[in-house]
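The values are calculated or read from the model by the stated rules, or taken from the named source; none is laboratory data. The shown structure was predicted, so the numbers you read here are calculated from the model rather than taken from an experiment. Glycine also receives a Cβ, built like all others from the backbone with ideal geometry; neighbour counts cover every protein chain displayed. Ligands, DNA and RNA are excluded from the accessible area calculation, which covers all protein heavy atoms including side chains. Shrake-Rupley method; radii C 1.70, N 1.55, O 1.52, S 1.80 Å.
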Amino acid sequence: MPPKKKAKAAPKKKVVKTLPEGVKWQWKDGSKWKDFVEEDELLLETMREINGEDGSCVTKDFSFNQGFDTVYTIDFKAMTQLNNDSKKKRVIRRLEPKAAKAPPAGAGAGWYWWSDDDDWQPFDAIDANMLEKAFATGSTTFMTKDLTFNKGFDSLYIFDFSTMSQINTESGTSRKMQRSGAGAKKVVGHTKDADDDYALMLAGSTAEAMAHGSKYPFAAKFEASLTPEFIAAQKKRGPASLRKQKKDYGPVVSKDKHGSACFDDMLKNEKEFCGEWAVFYHSYSSAAILYEVQAAVAAVLFRFKSEFAALPRIICAPFKHIPTAHRMLEEFPKWKDRDHNQAFRLVGLCGTSSLLADDSEAPAKRVFLGGYSVGPLGGVLEKVLQSCGVPKVTAPSLAKEIIKLAKVHGLDTRGIPGGDKCKSGRSGHMLQIFLRRELIDEYVYPAFPFGVPDKKRMKPFSKYLADDDGAIHGQVRITLNPDVFLRATTARIFTYSADPTFNEARPAFQEALTALLKPILGDEETRIKAATGIFGGKPPDWWSPEDQGEAAKMDKGRYGSSVL
């Protein structure tokens with residue numbers, strides 16, 4: 001019997017440089033289809049061109065596979081993608097445009113809003129035409145009551161074209177929206193952010209990314225070294241967001257009582273911490289439940305002050321490969337997909353250096369109320385719990401209990417199976433992150449969109465943030481190493497939620513959440529196993545296996561003080 005033919009190897013050089021008009025490649029995640037990034041679409045189109053519609057081939061060249069060297073088999077007849085290591089098989093598809101008449105001259109753009117059914121719905125033609133005219137003026141915001149769905153209600157709506165969001169100023173309800181140009185093949189507008197990618201990677205094949213290196217590089221013991229003169233000078237210059245910057249909360253937050261109160265409180269914190277600490281801001285939405293769970297686990301295991309803040313990163317293994325901003329800058333040139341690369345997503349956080357500046361991709365005052373992402377996170381909560389030491393058999397039932405708690409306390413969980421939207425419909429959250437000035441250059445670098453280093457502000461960055469040359473502005477990329485950001489001596493984090501109910505109830509939610517986790521992480525053996533798994537090996541010397549829940553508690557006055 002002749003041997004079976006081996007699948008053909010994909011060519012090293014891509015021959016397709018531009019996709020045919022309207023062609024789209026997607027992969028199936030549960031019941032939903034998701035787009036491949038453009039680089040991988042071109043790769044798939046090239047392999048299909050060479051091997052034919054009924055052919056197959058192998059490749060290591062997917063963008064998400066950089067640094068891992070996994071072999072994937074693509075079967076174009078069956079339309080599947082197989083990870084040859086894990087044997088995980090995904091269904092893929094190639095979409096082609098249906099034959100259609102060209103739109104008439106002057107046909108308007110398409111405008112869509114994100115519905116409660118987690119789907120995009122078109123605006124009425126009259127409303128879409130009005131939005132297009134406003135958009136064409138180049139203005140970032142547009143306010144009106146003259147909407148077909150608003151007749152008889154007379155509510156004032158604010159449309160923010162920079163963040164593609166629609167806000168009802170009376171109810172405070174915020175919705176995402178998208179725009180497509182006339183005849184365009186896809187809509188524009190933000191639907192997913194870094195936190196969603198981080199969550200999805202925890203649920204996917206991240207083992208390879210977490211295998212870099214053999215030992216977690218713990219940070220050196222922190223020693224405060226700022227002079228009294230330097231601290232006094234920074235105190236005199238005041239809150240970073242108000243240095244040569246007027247106090248303007250923007251048209252959305254300024255009209256909202258709760259939003260304005262949150263911003264007032266954040267500026268109050270800046271005033272207290274501006275001497276010894278630098279401040280950064282991170283907006284997020286869908287991943288909130290995951291951050292809350294990680295914070296509660298960190299409270300039980302590592303004395304993290306979870307009543308004040310959520311925790312974006314807790315799994316330490318990926319930091320073996322990229323523990324600092326220095327290492328991230330060394331790796332960045334290798335990433336064709338820039339800060340969309342999996343290695344970045346597992347350790348990095350996108351942020352801004354000012355609460356009030358307008359120049360970043362997601363200005364805090366524009367994205368706070370509505371949030372910065374939408375999308376399903378099915379199966380991710382269970383994976384996060386397992387990553388944090390919860391037994392696999394216990395994770396599904398625990399996840400259901402956590403979702404129930406979240407609903408009771410008003411947290412928006414619409415992206416999680418079994419979850420629901422919060423009462424106000426506001427899914428936005430803001431992390432206010434204070435980092436000791438001595439550590440800025442070690443863990444943060446200034447960036448342009450997509451994480452491209454901003455060399456003009458890198459002089460070093462700590463000097464830029466301390467100088468009195470002008471208003472502080474611009475994006476940053478933070479290597480959120482848990483060994484540093486778990487400890488109140490080196491970092492202080494505060495969470496603010498756009499939904500008033502959850503913002504007030506959050507400390508109670510964390511107390512209930514840690515109480516739910518304690519029986520599961522209750523014995524010393526389990527805690528040691530969990531800490532070892534989180535750190536990818538032996539925990540740091542400062543850690544001890546006793547229940548840290550009580551030790552983690554700190555009164556607000558002490559935590560909110562800049563004094564170490």
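Taking 7 Å along the Cα-to-C-beta vector as the label spot, tell me the K133-A232 distance in nanometres, rounded to one decimal.
With each label point 7 Å from Cα toward Cβ, the separation is 6.1 nm.
Place a +1 charge on the Cβ of each Lys and Arg in the range 218-315 and a -1 charge on the Cβ of each Asp and Glu, then give the dipole magnitude about the Cα centre in debye, rounded to the nearest 20.
Here the size comes out at about 320 debye.
Figure the gain on full extension for K89 and K34 (residue separation times 0.36 nm, minus the Cα-Cα span) and round it to one decimal in nm.
18.3 nm
Go through the range 451-486 and name the trypsin sites (Lys or Arg not before Pro) that are in a DSSP coil and have 15 or fewer other Cβ atoms within 10 Å of their Cβ.
K455, K456
Testing the spin-label approximation: label points 7 Å from Cα along Cα→Cβ at D468 and V71. State their distance in nm.
Between D468 and V71, the label points sit 6.5 nm apart.
For I50, I478, give the ranking by accessible area with the largest first, probe 1.4 Å.
Descending accessible area places them as I50, I478.
Pull out a ≥ b ≥ c, the square roots of the eigenvalues of the alpha-carbon gyration tensor of the range 381-471, then state rounded if a/c is under 1.5, prolate if not and a/b is larger than b/c, and oblate in the remaining case.
Judged from the Cα gyration tensor, the range 381-471 comes out prolate (a/c at least 1.5, a/b above b/c).
Go through the range 45-98 and name the GluC sites (Glu not before Pro) that are in a DSSP coil and have 10 or fewer other Cβ atoms within 10 Å of their Cβ.
Passing both the DSSP loop test and the Cβ count: E53.
Report the full-extension gain for the segment D358 to N150: residue separation times 0.36 nm, less the Cα-Cα distance, to one decimal in nm.
71.9 nm
What is the packing order of peptides 468-474, 324-330, taking the mean over residues of other C-beta atoms within 10 Å and listing the highest first?
Taking the mean over residues of other Cβ atoms within 10 Å, the ranking is 324-330, 468-474.
Run the dipole for the range 285-442 about the Cα centre, Lys and Arg Cβ at +1, Asp and Glu Cβ at -1, nothing else charged, and hand back the magnitude in debye, nearest 20.
Rounded to the nearest 20 debye, it is 440 debye.
Hey, what did the range 261-321 get for relative contact order, percent, Cα under 8 Å, at least 6 apart?
The value is 24 percent.
Lysine pairs in the range 226-306 with alpha-carbon atoms under 22 Å apart, 8 or more places apart or on different chains: how many are there?
For the range 226-306, the number of qualifying lysine pairs is 25.
Scan around A447 for amide H atoms under 5 Å from its own, H built in the peptide plane at 1.01 Å from N, and keep only partners 5 or more places away or cross-chain.
D454, Q475, V476, R477
Please label the shape of the range 451-539 as rounded, prolate or oblate, based on the square roots a ≥ b ≥ c of the eigenvalues of the alpha-carbon gyration tensor (a/c under 1.5 means rounded; beyond that, a/b larger than b/c means prolate, else oblate).
It comes out oblate by the Cα gyration axes.
I need the phi-derived Karplus couplings for the range 65-77: 6.51 cos²θ - 1.76 cosθ + 1.60, θ = phi - 60°, integer Hz, Gly and Pro marked x.
Result, ordered by residue: 9, 5, x, 10, 6, 7, 8, 10, 9, 10, 10, 6, 6 Hz.
What are the ³J(HN,Hα) couplings of the range 441-449, residue after residue, when phi is run through the Karplus curve with 6.51, -1.76, 1.60 and θ = phi - 60°? Round to Hz, x for glycine and proline.
5, 7, 10, 9, 9, x, 9, 8, x
Please label the shape of the range 258-305 as rounded, prolate or oblate, based on the square roots a ≥ b ≥ c of the eigenvalues of the alpha-carbon gyration tensor (a/c under 1.5 means rounded; beyond that, a/b larger than b/c means prolate, else oblate).
In terms of gyration-tensor shape, oblate.
Quick one: which residues, 5 or more positions from T141 or on another chain, have an amide H under 5 Å from its amide H? H modelled 1.01 Å from N in the peptide plane, none for Pro or chain starts.
Under 5 Å from the amide H of T141: F161.
Mind ranking 408-418, 423-433 by how tightly packed they are, going by the mean number of other C-beta atoms within 10 angstrom, highest first?
Answer by packing, highest mean first, reads 423-433, 408-418.
Tell me the relative contact order for the range 351-508 as a rounded percent, counting alpha carbon contacts under 8 Å between residues six or more apart.
31 percent
In sequence order, what are the phi-derived ³J(HN,Hα) couplings for the range 383-398 according to the Karplus relation 6.51 cos²θ - 1.76 cosθ + 1.60 with θ = phi - 60°, rounded to whole Hz, with x for glycine and proline?
For the range 383-398, the Karplus-derived couplings read 5, 4, 4, 5, 4, 9, x, 6, x, 4, 5, 8, 4, x, 5, 5 Hz, x marking Gly and Pro.
D264 to K556: FRET efficiency via 1/(1 + (r/R0)^6), r the Cβ-Cβ distance, R0 22 Å, to the nearest 0.05?
That gives a FRET efficiency of 0.85.
Using the alpha-carbon centroid of each, what span in Å lies between the range 416-473 and the range 122-166?
With the range 416-473 and the range 122-166 each reduced to a Cα centre, they are spaced 30 Å.
Once the Cβ-Cβ distance between S254 and V58 is put in as r, and R0 is 60 Å, what FRET efficiency do you end up with, to the nearest 0.05?
Given R0 = 60 Å and the Cβ-Cβ separation, E is 0.60.
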